[in-house]
């Protein structure tokens, strides 16, 4: 639901970016040209993807996730090459039912979205992701992963 809601919220923007959605089992090579990668799978799957992503993304990219806890995800992200910068994310929004069918473009409107930058994240990455999250209607807040 979260990943699909992000895509729907992006589609309502005037200058919507090109979005590619990958599901479990999809070939990670499809993310090769991405400037921003959003991991919206369950945390163990996000950790697995982080461990497999680097060979498939030859350029630099900003990576974020939508998981509710950060310790294991951030630990996996810290092993990425420096060209792949990670900022943890946790949109505090949801619905009574989950799954893509429950996704809505306004799911994040007025809701907090916690960002937990790693040491590899640049200030301009945090600013860009903060602006994107605001454009989705959410209210970003930055804190470290331990505090989260």
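Any read-out appearing in this document is the output of simple, stated calculations on the displayed coordinates, not a laboratory observation. All of these numbers come straight from a predicted model, not from anything done at the bench. Positions of Cβ are backbone-derived with ideal geometry, glycine not excepted, and every protein chain shown enters the neighbour counts.
As a rough guide to protection, the peptides 77-83, 5-11 ranked by mean Cβ packing within 10 Å, highest first, stand as 5-11, 77-83. Annotation: the residues 85, 4, 71, sorted from fewest to most other C-beta atoms within 10 Å of their own C-beta, follow the order 71, 4, 85. Listing 30, 111 from fewest to most neighbouring C-beta atoms within 10 Å gives 30, 111.
Computed from the alpha carbon atoms alone, the convex hull of the stretch 2-142 holds 104 Å³ per residue.
Cut-off 19 Å, label point 7 angstrom out along Cα-to-Cβ of residue 119: give me the residues of the stretch 42-58 whose amide nitrogen falls inside. None, by backbone N distance to the label point.
Looking at the chain alone, DSSP beta bridges between its own residues are antiparallel in about 30 percent of cases.
In the chain, helices alone account for a calculated mean residue ellipticity at 222 nm of -8000 deg cm²/dmol, with every DSSP H run of four or more residues adding -39,500 (n - 2.57).
Taking the centroid of alpha carbons for each part, the stretch 85-99 and the stretch 127-146 are 12 Å apart.
Taking label positions 7 Å along the Cα-Cβ direction at both residue 92 and residue 109, the computed distance is 2.0 nm, reported to one decimal. Take every Cα pair under 8 Å whose residues are at least 6 apart in sequence, average their separation, divide by the length of the chain, and the relative contact order is 25 percent. Distance between the modelled labels on residue 45 and residue 12, one decimal in nanometres: 2.5 nm (7 Å Cα→Cβ projection). Among 66, 73, the ranking by other beta carbons within 10 Å of each residue's beta carbon, starting with the fewest, stands as 66, 73.
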